[in-house]
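These notes are about the structure you will find just below.
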Amino acid sequence: MKDAFFKYQAQTSPFPLAMEISHAKGSYIYDTNNKAYLDFVAGVSACSLGHSHPKVVNAIKDQLDKYMHVMVYGEYIQKPAVELAQFFASHTPEPLEQTYLVNSGTEAIEGALKLAKRATGRAEIIAAKHAYHGNTMGSMSVMGYEERKQAYRPLVPGTKLITFNNVDDLKEITTKTAAVILETIQGGAGFLEPLNGYLTKVKAKCEAVGALLILDEIQPGIGRTGKLFGFENYNCTPDILVTGKGLGGGMPIGAFTASTKLMQQLKDDPKMGHITTFGGHPVIAAAALATLKEITESNLMAEALEKEQLIRQLLKHPLITEIRGKGLMLAALTPSAEITNQVILEAQNKGLIAFWLLFEPKAIRITPPLTISKAEIEEGCEIIINILNNINN
Ligand SMILES: Cc1ncc(COP(=O)(O)O)c(C=O)c1O
């Protein structure tokens, strides 16, 4: 299988981890030698309820027995998609009310950017340095990392970059700006939280000049920071909320949510302003709804904050210089990229899955499933500490 993987499957990097998966359950992934790996990454913040959560699996099976794809998005009334959109409306503040369901995070970002342009009649988009919003052309245009962009230029024109948390840069937001797009917590940059009311200040400036605020909650959303949406921690409601990853409970999905007034712009004049074949797929919508219900009806969000404290307490070590992030979206920083690499690779040998962040080479990603137990957290942190002790000696 390994040879075929390298020969036939298009690769994303020269050195994939190339672990061959047999099955996955709860907080563990098993390779084909039946070795168990404790998962501190959750498919990069996607498997919010761990692997094959019974409620998600049952929702999928139930829907599979009824119908799969029957029609393109938005034509027929399909209960799972309607209920999912309704769930968003009842769990988000006003004026957020209508949700457009798509297939991935980057596609939801594309939809949100289009909506902002359409609604304001303006073309300029302001994004943050070191931001990551996905890998299609529009999302790449608002990515704040030139090294990864330059080979694909020209990208969508009219993008300006500001520094996250820098209030002086807000002067760049003007009456020319269609939207400011920010991750609620910057992910690839190193799990940087907004500080000192930053998001509220951005929102106020947007309101003053008639620009929209798009918050990308694809990673911090869906319970990971102790609230259903990250923005609830920072007293700032976006005009357009973008979600994905953990929303699907292990299935591919993206969504953008806005006021009815805004969202109406996509349906008329010209009609079909955004269309998708598989968006709102009934099986995936059923999985997402089961995921959201489990997260909101259990104690998982409150526990995310307790588990954060446990991780912070257990990962005290001279080679951990800082732990950034909130809830179960944490990054442990070591003094160098080399040490971080060593920890991540050695962890896999020792049965723990850890991973990198896109643009912060010193960070060890710790984004386990929300369902991880405290005993499993202790087990994983002990592996990291033992590796660091060996490096230190
Ligand atoms: C903050 C953020 N935005 C957008 C995306 C893109 O989502 P997807 O990979 O589903 O297209 C990601 C994925 O890592 C992300 O973390």
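Name the residues in the range 209-243 that are within 14 Å of the ligand (Cβ to nearest atom) and at positive phi, would you? ILE222 - this is the single residue of the range 209-243 that is within 14 Å of the ligand (Cβ to nearest atom) and at positive phi.
Of all residues in the range 160-184, those being among the β-branched types (Val, Ile, Thr), within 16 Å of the ligand (Cβ to nearest atom) and within 20 Å of GLU146 (Cα to Cα) number 2.
Could you check, for the range 366-377, whether at least one of its residues is at pLDDT below 95, not in a strand (DSSP E or B) and not β-branched (Val, Ile, Thr)? Even if it seems obvious, please write down each step before you answer.
Filtering the range 366-377 down to residues at pLDDT below 95 leaves none.
Among the residues of the range 366-377, not one is at pLDDT below 95, not in a strand (DSSP E or B) and not β-branched (Val, Ile, Thr), which makes the answer no.
Note on the range 90-156: enclosed helices (runs of 4 or more DSSP H) holding 1 or more residues that are within 16 Å of the ligand (Cβ to nearest atom) and under 16 Å from THR243 (Cα atoms) are 105-120, 137-141. For the range 318-356, filtering for residues that are basic (Lys, Arg) and surrounded by fewer than 19 Cβ atoms within 10 Å (Cβ to Cβ) leaves 1. Looking across the range 362-388 at every residue that is free of Cβ contacts under 8 Å to residues at least 60 places away in the same chain and loosely packed, with under 15 Cβ neighbours inside 10 Å, the one that is nearest to LYS227 (Cα to Cα) is identified as ALA375. Criterion applied to ASN58, ASN103 was being closer than 30 Å to TYR234 by Cα and either touching a helix residue (DSSP H, G or I) at 6+ places or on another chain (Cβ under 9 Å) or among the acidic types (Asp, Glu) (or both), and the one residue passing it is ASN103. Among all residues of the range 259-274, there is none that is out of contact with any Cys (no Cβ under 8 Å at 6 or more places or on another chain) and buried (at least 24 other Cβ atoms within 10 Å of the Cβ).
Summed over the range 160-176, the residues that are of a type in the set (S, T, N, Q) and surrounded by 15 or more Cβ atoms within 10 Å (Cβ to Cβ) give a count of 2. Being in contact (Cβ under 8 Å) with a residue 40 or more places away in the chain, out of contact with any Gly (no Cβ under 6 Å at 6 or more places or on another chain) and within 15 Å of the ligand (Cβ to nearest atom) is a condition met by at least one residue of the range 265-277. Taking (1) surrounded by fewer than 19 Cβ atoms within 10 Å (Cβ to Cβ); (2) at pLDDT 95 or above; (3) closer than 22 Å to ASP216 by Cα; (4) more than 16 Å from the ligand (Cβ to nearest atom) in turn, ALA304 satisfies each apart from (1).
If the condition is being within 18 Å of PHE355 (Cβ to Cβ), part of a loop (DSSP other than H, G, I, E, B) and in contact with a strand residue (DSSP E or B) (Cβ under 7 Å, 6 or more places away or on another chain), then the range 3-45 contributes MET19, GLU20, SER27, PHE40, VAL41.
One residue is enough: does the range 110-125 have a residue meeting the conditions surrounded by 15 or more Cβ atoms within 10 Å (Cβ to Cβ) and within 20 Å of SER13 (Cα to Cα)? No - not one qualifying residue is present in the range 110-125. For the range 50-65, the tally of residues that are surrounded by 20 or more Cβ atoms within 10 Å (Cβ to Cβ) and outside any helix (DSSP H, G or I) stands at 3.
Of note, PRO318 satisfies the criterion of being farther than 18 Å from PHE191 by Cβ, part of a loop (DSSP other than H, G, I, E, B), over 17 Å from the mean Cα position of the chain (by Cα) and not basic (Lys, Arg).
The values are calculated or read from the model by the stated rules, or taken from the named source; none is laboratory data. Note that the structure is predicted; figures quoted are calculated from it, not measured. Note that we place each Cβ from the backbone using ideal geometry, even for glycine, and neighbour counts take in every protein chain shown.
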